[in-house]
Each structure stands twice: as structure tokens, then as C-alpha cells.
Amino acid sequence: MWTRSAVTALESGTEDKAFYERKLKTAQFYMSYWTVQTRSLRKQVESSSELMTQLEEADFDL
Amino acid sequence: MTIQFVLNELLNIYQRTELKGFDEIDADLADAILQGVADFTTEVMLPLNGSGDVEGCKLVDGKVIAPKGFADAYKQYVDNGWATLTCDPEYGGQGLPECIGVFATEMKTATNMAFAMYPGLTHGAYAAIHAHGSDALKQKYLKKLVSGEWTGTMNLTESHAGTDLALLRTKAVEAGEGRFAISGEKIFISSGDHDLAENIIHLMLARLPDAPEGVKGISLFAVPKIMVNADGSLGEANSLCAAALEHKMGIHGNSTCVMNFDAAIGELIGEPHQGLKAMFTMMNQARLGVGVQGLGVSEIAYQNALAYAKDRIQGRGLSGVKDPSQAADPILVHGDVRRMLMAQKSFNEGARALIGQQALWLDEAERHPDADKAKAANKLAALFTPIVKGFITARGFNAIYADPWHHRSGLDVDSQRSDGA
Ligand SMILES: Cc1cc2nc3c(=O)[nH]c(=O)nc-3n(C[C@H](O)[C@H](O)[C@H](O)COP(=O)(O)OP(=O)(O)OC[C@H]3O[C@@H](n4cnc5c(N)ncnc54)[C@H](O)[C@@H]3O)c2cc1C
């Protein structure tokens, strides 16, 4: 969405080209930095769920 | 228990008798020491944590006063010999390994980090003088720093020189009899002035007049708050003072000072222009200490969060009612609360194991009879120092501010109702 809006603005000609180019670069960074985490976060939730349901109250003690 | 598990079963330290001095320690001795520290920290330091943070340090007529109770607690700390644990027996220390000392530091930090920083910085000053000072300097300062009767500081930062110490401008000029007059302003100096000890030894980075540019032109000096006479007695006040207290977001019980030095008299530690190298001895100690701070605060946050999760009742567990006698179940039954708690607990235990291993490498580097093995351990310690410091503090910070805040929610945001722990 974010990228598409910026691309559309750039393609349809805008007075503030630099602004939309900044938006594109930030979106690219978001995709390469934040979005890649979804895979490992999903794995984290899946692999720890069963263990979590097996925990007794005493397992939280030191 | 959990510390003994690391020392005994993970690191097997009681079997490492090839390391100098390790044959003199066993599980009973380590237990007695760690239990003593646990008692002191929970009974004396912990009760001052919240009040010290609320009250903070005060600058009155050019002198810094620590929060109520700190001076008395520090006297007990010194009288009980807690300052001496890992120091060299030649100067009054107990010669205990670092791998035991780090866990004493964990407990001190967990219970009262602001208080723990006074002896923490002192230990760094001791280490730098011990490693790089002349015999005369060692005789002059080490016994009192080891006992804790005097405290130490680390004066690196200036307003224009933080990470980049090549920019520092504090000047040192010869003042005769092997002494130097040092002038400049340092900022952010932890434990820079206080009323806990009769003298403070400032370890300072400064430039000599012929110094090359950059980090290769920095020398290290020992500058006492009160001059020390030849017979070890205290003389006149040196020309230095705390000009202001920094306004921090927390750790208010530790005096973080702006320090002014106006031709203050000091002595060179090590060789001219080699100060950064000497200071790094102190900084490596300090960096491991910072990692231990990350663990300590993460551990106390976990213990507080767990107590709260057992006490606070809200909603029912997905698998059915757990406590029918109450209107709701403790929040510990909820999967998300369990996840946050177990994530933090497992992180703390992993961090504790890594810190124990790091400290053992430092012990091996110093105490192994085989020079090659000592060197290899030193390399591993050097590799892991930034990891211990960076990772454990970053994750420890998350553990305190992200997860426990999340499950204490509104109560922690309302500081009037939170216990400030
Ligand atoms: C509570 C507290 C206690 C302190 N106690 C002491 C003390 O006892 N003695 C003492 O001398 N100092 C002390 N300091 C100061 C501390 O050492 C400095 O804050 C630190 O060196 C960073 O300097 P700075 O704050 O000027 O940040 P800057 O150096 O201005 O850095 C600003 C930002 O830029 C980043 N940065 C800078 N250079 C680089 C680089 N080359 N690569 C990547 N990132 C970089 C930094 O990580 C930081 O995020 C203390 C600070 C605090 C907060």
C-alpha cells in the first residue's frame, strides 16, 4: 500500500519527488529489515506453544 | 542454588585446581560467601533502592550527599569486607576468582544498582592501578581501594568527547616531583563525589603538552580528592570539585557528576600517551560489569513480575477454573503471561551461564599455569566482552521495560501505585 501510493505519486508526476522517493526508500528498508522477522516470530510461537502448556506453576520458580 | 548450579555443575569450578588459588575454594566456602552477599543485599541494600531513587543525590555547598541510608549501608559494606572479595591478597583482598565475584555483583545490582555502582567503579580503579601503576602508586592507593575505605572513579567523558575519546582536551602539565597539574571538565562521572568514603581517587584521561593528536596522545592519571601524605595520612583538599549533578532518568542514588579540575595534582599511571590502553583494563572490567548489570536488573524484574503474576487475579484460564475460591484466577494461568515470564526466566539463566563462563575465561587468563591456555582464554574473553555487554544489556532492558510492563500494564504506568522496584 505504502509503496504503491508512493510509486503512483511518482508515476503520475509530483512536485514533491524527493518526498515520495524518501517514502519508497523507507518502505524498502521496512520490508528488508522488519518483514523478514515474521518467519522467525511465527516459528517462535509455534515451537514454544506446546512446552508452554506443559508448564506447572513451580516451573517458574528459581 | 541457581548460582551454584552454574559454578558447580556447568563450569565445574571446584575441579579446576590447576588454576592458581582454585584449590583453596570449595562449594561450602562459595556457598557461605554467596549467602552472606545475598543476606547483605536483601537486608541492607534492597530497602534503600526505592527510597534512594526517589530522594536522589544532592549537591550542597559544593559537596554531594548520597540519599539517606547510603553512607551507613556503605560503612557496613566495608566493615563486612564485601569490597575485598576478588582483590589481590597482597593488598588486603581475598583473592577469590572472578567467576564467584560476578555473582556477588549480580546480587548487588539486582537489589540496588545505584548503590552497587560506588564499589563497582572502585573495583575498576583498583584493577587499572594494579595492572599499570608503579609500586609507589600501588602502595599509596591499593589497600584503601581494596578495603573500600576510599572509592574510585573513571573520568573519560567530556562534553565534546563521548564515544570518540580522540577529541578529549583535558590537559596535564608537569608540576615537579613527578607530579602533574590537571585541568579540564569531565561530565557524566559516576560516583564523582559523595559522602560515603573519606577519599575518592579519580582515574583521569588527559593530554600532556607534547602529546600526539588522537587516541595515541592520551595519558592516564590518578588524582585524589584529598591529597595523600607520604605516611598515608590525608592532607589538603585537591583543587577539584563536583560542579553539578547530571539529571538522569533513573539510578538517582548514584551521583553522576560534572567534575571540574583546576590544576588538580595527580600522578601518571603507566607510560605517557599509553593511557587509553591502561584505561581499557578498567573498561574491560567495567564492560563485564555492565553485562552483569543487565542480568541483575533483568533478574529482579523477573522476580517482581513472577510475584505479581501469582498475586494478581484477573479472568479465568482457557483450560478451566484454576482457583474456584477466588472470583478470578491469578494471571499466571494465561498463556501470554506465561510466555513473557518464561522468555525472561530462560534468558536470565542463559545470560548467567554466559557471564559465569566469561568470568572463568578471565580467571584462566590470569591464573592458568600453561601460558598458551591462558592466552587462548584471554582471546575468548576479549571476543565475548562486547557480546556480554551489548547483548545482555539490550535484552535485559527489553525484559524490564517490555514484558513485565506489558503484563503489569496500568499499575506500572501509574508510578504512584507501582512499588518502584
Ligand atoms: C548513567 C551514566 C553513567 C556514566 N558514567 C560515566 C563515568 O563514570 N565516566 C565516564 O567517563 N563516562 C561516563 N558516562 C558517559 C558514557 O561513557 C558516554 O555517555 C558514552 O561514552 C557515550 O558518549 P556520548 O553520550 O557523548 O554519546 P556520543 O558519543 O555522542 O554518541 C551518540 C550516539 O552515537 C553513537 N555512536 C557514536 N560513535 C559511534 C561509532 N563510532 N559507531 C557507532 N555508533 C556510534 C553512540 O552509540 C550513541 O548512540 C556515563 C553515562 C551515563 C549515561
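Just a yes or no: is a residue in region B:273-295 crowded, with 21+ Cβ neighbours inside 10 Å, modelled with pLDDT of 95 or more, more than 16 Å from the ligand (Cβ to nearest atom) and assigned to a strand (DSSP E or B)?
Within region B:273-295, none of the residues are crowded, with 21+ Cβ neighbours inside 10 Å, modelled with pLDDT of 95 or more, more than 16 Å from the ligand (Cβ to nearest atom) and assigned to a strand (DSSP E or B).
Within region B:107-123, identify whether any single residue is within 14 Å of chain A (Cβ to nearest Cβ), in a helix (DSSP H, G or I), away from the ligand (no atom under 16 Å from the Cβ) and out of contact with any Phe, Trp or Tyr (no Cβ under 7 Å at 6 or more places or on another chain), and answer yes or no.
There is at least one residue in region B:107-123 that is within 14 Å of chain A (Cβ to nearest Cβ), in a helix (DSSP H, G or I), away from the ligand (no atom under 16 Å from the Cβ) and out of contact with any Phe, Trp or Tyr (no Cβ under 7 Å at 6 or more places or on another chain).
Among the residues of region B:162-170, are any outside the structural domain of B:Asp39 (by TED's automatic domain parsing), in contact with a helix residue (DSSP H, G or I) (Cβ under 7 Å, 6 or more places away or on another chain), farther than 23 Å from B:Met227 by Cβ and within 16 Å of the ligand (Cβ to nearest atom)?
Yes.
Count, please, the residues in region A:30-43 that happen to be within 14 Å of another protein chain (Cβ to nearest Cβ) and either modelled with pLDDT under 90 or within 15 Å of B:His334 (Cβ to Cβ) (or both).
Qualifying residue count, region A:30-43: 0.
When region B:189-213 is examined, which residues are found to be polar (S, T, N, Q) and within 12 Å of the ligand (Cβ to nearest atom)? Walk me through how you get there before you give the answer.
Here is the first cut: in region B:189-213, the residues polar (S, T, N, Q) are B:190-191, B:199.
Residues satisfying the conditions are B:Ser190, B:Ser191.
Sort through B:Ala73, B:Ala116, B:Ala110 and tell me the only one that's closer than 21 Å to B:Gly50 by Cβ and surrounded by fewer than 24 Cβ atoms within 10 Å (Cβ to Cβ).
Only one candidate passes the filter, namely B:Ala73.
B:Ala244: open to solvent by less than 40 Å² (accessible area, probe 1.4 Å) and within 16 Å of the ligand (Cβ to nearest atom), yes or no?
yes
Among B:Asn199, B:Asn155, which is the only one that is more than 27 Å from B:Gly81 (Cβ to Cβ) and either within 25 Å of the chain's Cα centre (by Cα) or open to solvent by 40 Å² or more (accessible area, probe 1.4 Å) (or both)?
On inspection, the qualifying residue turns out to be B:Asn155.
Hey, can you tell me all the residues within region B:179-188 that are surrounded by fewer than 23 Cβ atoms within 10 Å (Cβ to Cβ) and within 8 Å of the ligand (Cβ to nearest atom)?
B:Ile187, B:Phe188, listed by residue number.
Might you check whether a residue that is closer than 30 Å to B:Arg352 by Cβ and open to solvent by 40 Å² or more (accessible area, probe 1.4 Å) occurs anywhere in region B:257-266?
No, region B:257-266 contains no residue that is closer than 30 Å to B:Arg352 by Cβ and open to solvent by 40 Å² or more (accessible area, probe 1.4 Å).
One line per residue, one yes/no per condition, for (1) in a strand (DSSP E or B); (2) away from the ligand (no atom under 13 Å from the Cβ); (3) in contact with a Leu (Cβ under 9 Å, 6 or more places away or on another chain); (4) within 14 Å of chain A (Cβ to nearest Cβ):
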site	(1), (2), (3), (4)
B:Val215	no, no, yes, no
B:Ser219	yes, yes, yes, no
B:Ala222	yes, yes, yes, no
B:Asp231	no, yes, no, no
B:Ile251	no, no, no, no
B:Asn260	yes, yes, yes, no
B:Leu268	yes, yes, yes, no
B:Glu271	no, yes, no, no
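Within region B:303-313, does at least one residue satisfy the condition of being among the aromatic types (Phe, Trp, Tyr) and part of a strand (DSSP E or B)?
No: region B:303-313 contains no residue that is among the aromatic types (Phe, Trp, Tyr) and part of a strand (DSSP E or B).
If you go through region B:48-56 one residue at a time, do you hit one that is loosely packed, with under 14 Cβ neighbours inside 10 Å and of a type outside the set (Val, Ile, Thr)? Step through it out loud before you land on a result.
First, pick out the residues of region B:48-56 that are loosely packed, with under 14 Cβ neighbours inside 10 Å: B:54.
With the extra rule that they be of a type outside the set (Val, Ile, Thr), the set shrinks to none.
So far as region B:48-56 goes, no, none of its residues is loosely packed, with under 14 Cβ neighbours inside 10 Å and of a type outside the set (Val, Ile, Thr).
So which residues in region B:304-328 are at the interface with chain A (Cβ under 9 Å from one of its Cβ atoms) and either aromatic (Phe, Trp, Tyr) or under 28 Å from the mean Cα position of the chain (by Cα) (or both)?
B:Leu306
With the checklist (1) within 16 Å of the ligand (Cβ to nearest atom); (2) at pLDDT below 95; (3) on the phi > 0 side of the Ramachandran plot in hand, flag the one item B:Gly176 doesn't pass.
Condition not satisfied by B:Gly176: (1).
With the requirement that a residue be within 16 Å of the ligand (Cβ to nearest atom) and part of a helix (DSSP H, G or I), what does region B:132-157 give you?
B:Leu145
Per-residue answers, yes or no, for (1) of a type outside the set (S, T, N, Q); (2) surrounded by 13 or more Cβ atoms within 10 Å (Cβ to Cβ); (3) out of contact with any strand residue (DSSP E or B) (no Cβ under 7 Å at 6 or more places or on another chain); (4) within 14 Å of another protein chain (Cβ to nearest Cβ):
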residue: A:Arg4; (1), (2), (3), (4): yes, no, yes, no
residue: A:Ala18; (1), (2), (3), (4): yes, no, yes, no
residue: A:Arg22; (1), (2), (3), (4): yes, no, yes, no
residue: A:Ser49; (1), (2), (3), (4): no, no, yes, yes
residue: A:Thr53; (1), (2), (3), (4): no, no, yes, yes
residue: A:Asp59; (1), (2), (3), (4): yes, no, yes, yes
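Suppose the filter is under 31 Å from the mean Cα position of the chain (by Cα), buried (at least 22 other Cβ atoms within 10 Å of the Cβ) and among the hydrophobic types (A, V, I, L, M, F, W, C); does B:Ala301 pass it?
So B:Ala301 fits the description; yes.
Taking region B:352-361, which residues are open to solvent by 10 Å² or more (accessible area, probe 1.4 Å) and among the polar types (S, T, N, Q)?
B:Gln357
Specify the residue that is farthest from A:Ser48 (Cα to Cα); the eligible residues are those in region B:329-351 that are open to solvent by less than 10 Å² (accessible area, probe 1.4 Å) and more than 8 Å from every other protein chain (Cβ to nearest Cβ).
B:Asp329
Find the residue count for region B:1-29, including only residues that are away from chain A (no Cβ under 14 Å), part of a loop (DSSP other than H, G, I, E, B) and loosely packed, with under 14 Cβ neighbours inside 10 Å. Write out each step before concluding.
Within region B:1-29, the first condition is being away from chain A (no Cβ under 14 Å), and the residues that meet it are B:7-29.
Narrowing further to those that are part of a loop (DSSP other than H, G, I, E, B): B:11-12, B:16-21, B:25-26.
From what is left, the residues that are loosely packed, with under 14 Cβ neighbours inside 10 Å are B:12, B:17-18, B:26.
Selection size over region B:1-29: 4.
The values are calculated or read from the model by the stated rules, or taken from the named source; none is laboratory data. These numbers were taken from a predicted model, which means no experiment stands behind them. Quick reminder, even Gly has a Cβ in these numbers, built from the backbone with ideal geometry, and neighbours come from all protein chains shown. What goes into the accessible areas is simple: the full protein's heavy atoms, side chains included, and nothing from ligands, DNA or RNA. Shrake-Rupley method; radii C 1.70, N 1.55, O 1.52, S 1.80 Å.
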